[in-house]
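Have a look at the structure below before the remarks.
The values are calculated or read from the model by the stated rules, or taken from the named source; none is laboratory data. All figures in this text were calculated on a predicted structure; none of them were measured in a lab. Every residue, glycine as well, gets a Cβ built from its backbone with ideal geometry; the counts of neighbours run over all protein chains shown. Keep in mind that these areas ignore ligands, DNA and RNA; they rest on the heavy atoms of the full protein, side chains included. Shrake-Rupley method; radii C 1.70, N 1.55, O 1.52, S 1.80 Å.
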Amino acid sequence: MRIFSGIQPTGSLHIGNYFGAIKQWVDLQDKNDCLFCIVDLHAITSPYEIKEFESKVLEKAIVYLSAGINPEKAIMFVQSKVKEHTELCWLLNSITPLGELQRMTQYKEKSLKQKKKECAGLLNYPILMAADILLYNTDIVPVGEDQKQHVELARDIAKRFNHLFGETFTLPQAQLPKQGARIMSISNPKEKMSKSGAPENYISLFDSPKDIRKKIKSAVTDTEKTIKYNKTKKPGISNLLTIYSLLSDKKIRDIEDEMKDKSYKEFKESLAELIVLKLEPFRKKREELLSREVYVREILKKGEEKASVIAQSKINEVKNKMGLYS
Ligand code: ATP
Ligand code: LTN
């Protein structure tokens, strides 16, 4: 199977990104043909720091490697280095109805937040994402829940293209993890954990033990005392139970049993220690890679070369099908 997924070089990668996306990537890379992209062209649709941008891209490559992506098995590359992504994006623009873009949840949320700074790229964002996916004849797109709608749109665009111009694209399918597809913010459990939000809302994969303990201590819960999963009535505790379950590989029911005589404070203390312990290998690997920029750049270069071969052949096929000048 061909697998494609990507993450924007914004903010700090958090445990939501890990459980929603990257953990699936690591599991899939052994038996599939995987491409994992750093989608810098998506990130420029929101305001960003020009001077820091390149280092953010490199940092994400380090993060992929620290989290377990093996460059011998999977292709890792930077989106803007393979120009066929933008080229296909333009071609797909011409067959994507405006109404479908306007109803995208992420667009509605982000355009509200960006108000006057909203650019056309924010609306067209899912077309570029469709181009990323379709360029590689992708079967499976491992993502968190918030991206499911975009993958479905990519599938609709592929169907429309195939109908108009003849069989060209594989129809992609989103793959969400059974648990952890939507980790909530620990400071506001009604919203999703987000790396462009305030640092108190997420646990970064690389937070120091001190920060982890502090953030978990002040995580929002409720005024009751029972450690019980109830997503609607107790979103904070339910989110913390989910995180505990994912990190410990224990069922939520078993954790509830184990914790039934414990206070919220005690539960939070054991959760914080579990997070500190489980994230330690990520922190160590990252520290080691931070001083190996040449090696990381080399991996991205090789990835770019391999991705370009596939992308070039696909874009030629697409242009032919569309009847463009050859
Ligand atoms: P931003 O706040 O900049 O939009 P983000 O935290 O939403 O960033 P993305 O780069 O948009 O992260 O997402 C990367 C991947 O992580 C996507 O597959 C997305 O679905 C997944 N993901 C993001 N947030 C969560 C979350 N809270 N729980 C589970 N998966 C998530
Ligand atoms: N929009 C996605 C990132 C992304 C992506 C992709 C994910 C861009 N292109 C292709 C999967 C496949 C996000 O997580 N914000």
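Hey, which of these cross-link pairs are over 22 Å Cα-Cα: LYS51/LYS210; LYS60/LYS314; LYS214/LYS251; LYS81/LYS306; LYS190/LYS215; LYS190/LYS228?
LYS51/LYS210; LYS60/LYS314; LYS214/LYS251
Compute the Rg to Rh ratio over the stretch 108-168 from the alpha carbon atoms, using the Kirkwood formula for Rh, and round to two decimal places.
Radius of gyration relative to Kirkwood radius: 1.04.
Could you work out which residue, out of GLU305, GLU287, GLU52, moves most in a Gaussian network model of the chain, that is, has the largest mean-square fluctuation with Cα springs under 10 Å?
With Cα springs under 10 Å in the chain, the top fluctuation among GLU305, GLU287, GLU52 is at GLU52.
Between helix 293-321 and the chain, what is the angle of the helix's C-alpha long axis to the longest principal axis, kept within 0 to 90° and rounded to the nearest 10?
Its long axis makes an angle of about 50 degrees.
List the GluC sites (Glu not before Pro) in the stretch 192-263 that DSSP assigns to loop (not H, G, I, E or B) and whose Cβ has at most 14 other Cβ atoms within 10 Å. Which are they?
Taking the stretch 192-263 and a limit of 14 other Cβ atoms within 10 Å, the loop GluC sites (Glu not before Pro) found are GLU224.
How big is the dipole moment of the chain about its Cα centre under a simple scheme where the beta carbon of each Lys and Arg is +1, that of each Asp and Glu is -1, and everything else is neutral? Debye, nearest 20, please.
720 debye
Put +1 on the Cβ of each Lys and Arg and -1 on the Cβ of each Asp and Glu in the chain; which of GLY166, LEU92, GLY197 then has its Cα farthest toward the positive end of the dipole?
GLY197
Please report, in cubic angstrom per residue, the volume enclosed by the convex hull of the alpha-carbon atoms of the stretch 26-180.
130 Å³
Which value in Å does the Kirkwood hydrodynamic radius of the stretch 51-107 take, with 1/r averaged over all unlike C-alpha pairs and then inverted?
Hydrodynamic radius (Kirkwood, Cα pairs) of the stretch 51-107 is 14.4 Å.
Normalised by the number of residues in the chain, what is the relative contact order in percent for Cα pairs under 8 Å and 6+ residues apart?
23 percent
Compute the angle between helix 84-93 and the longest alpha-carbon principal axis of the chain, please, reported from 0 to 90 degrees and rounded to the nearest 10.
For helix 84-93, the angle is close to 80 degrees.
Percent of Cα-Cα pairs per 5 Å bin, from 0 to the last occupied bin, for the stretch 285-326, please list those.
Pairs per bin, as whole percents: 5, 20, 16, 12, 12, 9, 9, 7, 6, 4, 0.
What dipole magnitude, in Debye to the nearest 20, does the stretch 195-326 give about its Cα centre under +1 on Lys/Arg Cβ and -1 on Asp/Glu Cβ?
Here the stretch 195-326 has a charge dipole of around 300 debye.
Where the eigenvalues come from the Cα gyration tensor of the stretch 196-303, what are the semi-axes √(5λ) of the equivalent ellipsoid, largest first, in whole Å?
Square roots of five times the eigenvalues give 33, 14, 13 Å.
Give me the angle, in degrees from 0 to 90, between the Cα long axis of helix 105-114 and the longest principal axis of the Cα atoms of the chain, rounded to the nearest 10.
The answer is roughly 80 degrees.
Pick from LYS60, LYS284, LYS51: which residue has the top mean-square fluctuation in a GNM of the chain where Cα pairs under 10 Å get a spring?
Largest GNM mean-square fluctuation: LYS51.
With a 1.4 Å probe and every protein chain kept in, tell me what percent of the accessible surface of the stretch 166-241 is carbon plus sulfur.
51 percent
May I have the convex hull volume per residue, in Å³, for the Cα set of the stretch 115-247?
157 Å³
Could you give the Stokes-Einstein D for the chain in µm² per second, using the C-alpha Kirkwood radius, 37 °C, 0.692 mPa s?
Result for D is 157 µm²/s.
Could I have the simple spin-label model distance between LYS306 and ASP261, label points 7 Å from Cα toward Cβ, reported in nm to one decimal?
Using points 7 Å along Cα→Cβ, the separation is 5.4 nm.
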